[in-house]
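Visitor: Below is a structure I'd like to ask you about.
A short reminder: the numbers here are calculations on the coordinates, not readings from a lab. Computed from a prediction, not measured in an experiment: that's the story for all the values here. As a convention, Cβ positions derive from the backbone with ideal geometry for all residues, glycine included, and neighbour counts pool all protein chains shown.
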Amino acid sequence: MEKTLTIATVLKPQGIRGEIKVKALTDSAEDIKNFPRVFIDGVEYKVLSVRPAGDCAFLMLRGIADRNAAELLRGKDVLALREDAPQLPEDTYYLVDVLGCEVVTERGKVLGKISDITPAKTDIYVVEGGGKRITFVAADGVIEDIDVENKRVTVNKKRFDEVAMYE
C-alpha cells in the first residue's frame, strides 16, 4: 500500500498572506482538517488552519508567508501520510488502493486492471487490458466486491455492460 495519499490539488493563492485554495480529493473538504501536515513537491508543511468551502478548502501552511510563495504551489498535488489519515469505515477504500486492481466479472473473466479513477459523485474507472481501454462509472450494482488485499475488483457483467464505454 502507498505510504502517501493525494488529498487535494492547489488551485490558486487566496489573499496576500500565503493562504492557498485547494480542490479536495477527499470525500469532504472537511476531511483535510484531520491532517496535521502535508507535503507539496516533497516539502513538508505544518497545517496551521483549514477553512472548508464546499468541495474546496483554504489552507494556511507554515513557511508560506505571502502570495508570491503561495503562487509557486499553483497546480501542485497536496499529499499526506497514510498514518495521519483517519480510519475508514468498513467497505470504504482509498482510491490509490484500488488502482492496479484486476477487474473480473462475477464468473471470473478478467477484463483488465484499473489504470485510473476520476473522483466524482459517481467515480469513473478506467480499465486497461488485452489492448483495450474500458471506461465505466461505479453506478449502483456495477461493482459487487472490492478486495484491496488481493488487488481484485469484481463487477456484475450485465450491469457493467450497461455503463461501460469501450475504446
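Visitor: Kirkwood Rh, Cα Rg: Rg to Rh for the stretch 95-166?
Guide: For the stretch 95-166, the value is 0.91.
Visitor: How large is log10 I(q)/I(0) at q = 0.08, 0.19 Å⁻¹ when the Debye formula is applied to the Cα atoms of the chain, each weighted equally and without solvent?
Guide: -0.30, -1.11
Visitor: Dipole of the chain, Cα-centred, from +1 at each Lys and Arg C-beta and -1 at each Asp and Glu C-beta, to the nearest 20 debye?
Guide: Using only the charged Cβ atoms, the result is roughly 600 debye.
Visitor: Separate question: If every alpha-carbon in the stretch 84-135 counts as one equal scatterer, what log10 I(q)/I(0) does Debye give at q = 0.22, 0.26, 0.31 1/Å?
Guide: Per q value, in the given order, log10 I(q)/I(0) is -0.89, -1.07, -1.21.
Visitor: Let me ask another. Please compute the contact order of the chain in relative form: average sequence separation of alpha-carbon pairs under 8 Å and at least six residues apart, divided by the residue count, as a percent.
Guide: That works out to 18 percent.
Visitor: Working out 0.36 nm times the residue gap between Leu88 and Asp123, then minus their Cα-Cα distance, what length gain in nm do you get to one decimal?
Guide: Value of the extension gain: 10.8 nm.
Visitor: With 10 Å bins from zero, work out the P(r) of the stretch 4-84 over every alpha carbon pair and list the percent per bin.
Guide: Calculated over all Cα pairs of the stretch 4-84, the distribution is 22, 61, 17, 0 percent.
Visitor: Fewest first, what order do Asp147, Asp91 take by the number of other Cβ atoms within 10 Å?
Guide: Asp91, Asp147
Visitor: For the stretch 1-66, give the magnitude of the charge dipole about the Cα centre (Cβ charges: +1 Lys/Arg, -1 Asp/Glu; no others), in debye to the nearest 20.
Guide: Roughly 220 debye for the stretch 1-66.
Visitor: Sticking with this structure for a sec: Based on the Cβ-Cβ distance of Lys151 and Asp27, what FRET efficiency does E = 1/(1 + (r/R0)^6) give at R0 = 22 Å, to the nearest 0.05?
Guide: Efficiency computed from Cβ-Cβ geometry: 0.45.
Visitor: If you take the charge dipole of the stretch 82-137 about its Cα centre, with +1 on Lys and Arg Cβ and -1 on Asp and Glu Cβ, which of Ile117, Leu88, Thr105 is farthest toward its positive end?
Guide: Thr105
Visitor: Could you point to the residue in Ser28, Gly130, Ala53 farthest towards the positive end of the stretch 1-158's charge dipole, with +1 and -1 charges on the Cβ of Lys/Arg and Asp/Glu respectively?
Guide: Result: Ala53, furthest along the dipole toward the positive end.
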